[in-house]
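What follows is calculated from the coordinates using simple rules that are stated; it is not laboratory data. Since we're looking at a predicted model, the values are computed, not measured. Reconstructed Cβ throughout: ideal geometry from the backbone, glycine too, with neighbour counts over all protein chains shown.
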Amino acid sequence: MKRLTLMALVLPAFALPLVASPAVQQPRVVTDDEWCREQSRDGDRERHCEVREVTLPAPAVLEITDVGNGSIAVTGSARRDVRLRARVVASAPTLDEARQLARQVTIATDGGRVRDDGPRGDRQRSWWVAYRAEVPGRQDVELSTANGSIAIADVKSRIRARTSNGSLRLTGPGGDVDVHTANGSMTIQLAGSTWDGAGLRARTSNGSLRIDIPEPYHARLRAGSRNGSLSIGFPLTVQGRIGHDVDAVLGSGGPTLDVQTANGSLRIERAR
């Protein structure tokens, strides 16, 4: 038996998982009392909240997708890497159970793909994760959450963002942007004098949409509300009549800003 054991230990290298994959840095728990003030009772349950942080090399695409019940906020900056924070909140009958539940929640960040995982919840025990990321200003991002909001500020890149039941906010966007919310409002605040990039496509299914445009601004604006009101807070030279749709050239024209709502109001205002 000893010889058989020895032979098993010296099998050819290709039969064993000896090639280690690149090290994946694990998020560490940090103090963030301002963001983590949810350490209170949830009805007859207790909550435990902790914030984990990790710094990652800037990936080709930062993917924070399939988030269940948490929000996502991404802010562009002058940094060359990605600073990611994850707020893990667990709810259980006792505080000790909530802490134990939070410890079972994992955050994977390999390859720029951010995923959270943990035990299956029930009526007495549940958990969720919210994210904040500081990224290079030209970082491509792909974001999605089921029951949470998305906020993106000062990022000019390829942006794809989806929410099922939550609001979506863009501040100073640019690049190739395609965003959608199914059951929530959307706010877009433009900056500068023209769109920097390929253009904007924004859709809400059941929610209002507001876009604030600076003066002067150069772009093509296509806007419409299928089953809601359309209001414009400044004079526009449009093609055709203003009804539920507008097709207008702002200034000397430029990339297309295509903003549409299905069941909600649409407001177009001057940025203050």
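General observations
- Meeting the requirement of 3 or more residues that are within 13 Å of Pro136 (Cβ to Cβ), the strands (runs of 3 or more DSSP E) wholly within region 55-96 are 72-77, 81-92.
Let's see how each residue does on (1) of a type in the set (Phe, Trp, Tyr); (2) within 26 Å of Val89 (Cα to Cα):
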position: Gly111; (1), (2): no, yes
position: Arg125; (1), (2): no, yes
position: Tyr131; (1), (2): yes, yes
position: Ala151; (1), (2): no, yes
position: Lys156; (1), (2): no, no
position: Ile159; (1), (2): no, no
position: Asn183; (1), (2): no, yes
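- Scanning region 88-97 for any residue that is under 17 Å from the mean Cα position of the chain (by Cα) and either aromatic (Phe, Trp, Tyr) or crowded, with 19+ Cβ neighbours inside 10 Å (or both) turns up at least one such residue.
- Residue in region 110-123 that is surrounded by the fewest Cβ atoms within 10 Å (Cβ to Cβ), counting only those that are of a type outside the set (Lys, Arg) and over 15 Å from the mean Cα position of the chain (by Cα): Asp122
- Tallying residues that are surrounded by fewer than 24 Cβ atoms within 10 Å (Cβ to Cβ), part of a strand (DSSP E or B) and under 9 Å from the mean Cα position of the chain (by Cα) within region 145-159 yields 1.
- Qualifying residue in region 181-189 (condition: surrounded by fewer than 23 Cβ atoms within 10 Å (Cβ to Cβ), touching a His at 6+ places or on another chain (Cβ under 8 Å) and in a strand (DSSP E or B)): no
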